[in-house]
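Peer 1: Here it is, the structure, as structure tokens.
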Amino acid sequence: MNIFKRIFKIGEAQANKAVDNLEDPITMTEQGIRDMKEDLNKSVEAVAQVKAMAIRSKNERDEHTATAKDYESKAMLILKKAHSGDMEVGEADRLAKEALTKKEEAQQHANRAAADTEKFEKNVSQLKDTIETIKGNITNWENELKTLKARVKVSDATKNVNKQMAELDSAGTVSMLERMKEKVAQDEALAEAYGDLAKTNKSVDDEIDAAADMTESKLDDDLAKLKEQLGIKKDEA
């Protein structure tokens, strides 16, 4: 039973990952742009194909129209020959009817080709409008993608900073600073105490040397000797 639960959890995690990927706005926008560009290429290709069909039907229309006019001219020529006596009237009428029949068939083909030409040209116009719409959508989506990327960068940076601030142990940091301040104060007080001890704790030898300091007496003796050498008497001085 446990193994089936584990398999289900793995499948659920994969499904959630797929959903997360689908919800990625940048990925979706990039895919949308790729799809739009594929649609654009297909539309351009379709326009070229329909345009070729329009040109072909237009050429057929012109050819059938010219054929219809040619049969009409031939029918008129045959009737003129019969009227001038160059041709039997019955035979001329038969051939003129055949020419007019051919003319009618050609005219029908010309009309059909003309209708196709109009339809194809309308399709070309519609496809061109579609292409312009797709181009506009691609431009808008590309601009949106740039905006999304910038927003994602700002969002990630803000999220990281806020996460760091949330995880920062402010209480521990303040406590550590207080302990450091207390230690520094204690060290300063200790240094001052040692200084006081250095001033007050003199050895017996230091006291004896201070009491037996003959510096002043020696200076007086040196001064008296100097005056004596100069012949200056004590009273004169």
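What follows is calculated from the coordinates using simple rules that are stated; it is not laboratory data. Keep in mind that this is a model prediction, so the values were computed, not measured. In this analysis, Cβ positions are derived from the backbone assuming ideal geometry, glycine residues included, and neighbour counts consider all displayed protein chains.
Peer 1: Taking the highest mean first, how do the peptides 186-195, 110-119 order by number of other beta carbon atoms within 10 angstrom per residue?
Peer 2: 110-119, 186-195
Peer 1: What is the set of long-range amide H partners of residue 87 at a cut-off below 5 Å, with H atoms built 1.01 Å from backbone N?
Peer 2: Here the answer is 82, since their amide H atoms fall under 5 Å of that of residue 87.
Peer 1: Let me ask you something else. List the pair-distance distribution P(r) of the range 73-157, using every Cα-Cα distance, as the percent of pairs falling in each 5 Å bin from 0 up to the bin containing the longest distance, rounded to whole percents.
Peer 2: In whole percents, the pair-distance histogram is 3, 12, 10, 8, 7, 6, 7, 5, 6, 5, 5, 4, 4, 4, 3, 3, 3, 2, 2, 1, 0.
Peer 1: Going by average Cβ density within 10 Å per residue, which order do the peptides 148-156, 52-60 take, highest to lowest?
Peer 2: Sorting 148-156, 52-60 by mean packing, highest first, produces 52-60, 148-156.
Peer 1: So, one more: With the contact rule set at Cα under 8 Å and sequence spacing of 6 or more, what percent relative contact order holds for the range 26-120?
Peer 2: Across the range 26-120, relative contact order equals 39 percent.
Peer 1: Label point 7 Å out from residue 118 along Cα-to-Cβ: which residues of the range 43-61 have amide N under 19 Å?
Peer 2: Of the residues in the range 43-61, 51, 53-61 have backbone N under 19 Å from the label point off residue 118.
Peer 1: Here's something else I'd like to know. Taking θ as phi - 60°, what are the ³J(HN,Hα) couplings along the range 32-48 by the Karplus curve (6.51, -1.76, 1.60), each to the nearest whole Hz, with x for Gly and Pro?
Peer 2: Along the range 32-48, the couplings run x, 5, 4, 5, 4, 5, 5, 4, 5, 4, 5, 5, 4, 5, 5, 4, 4 Hz.
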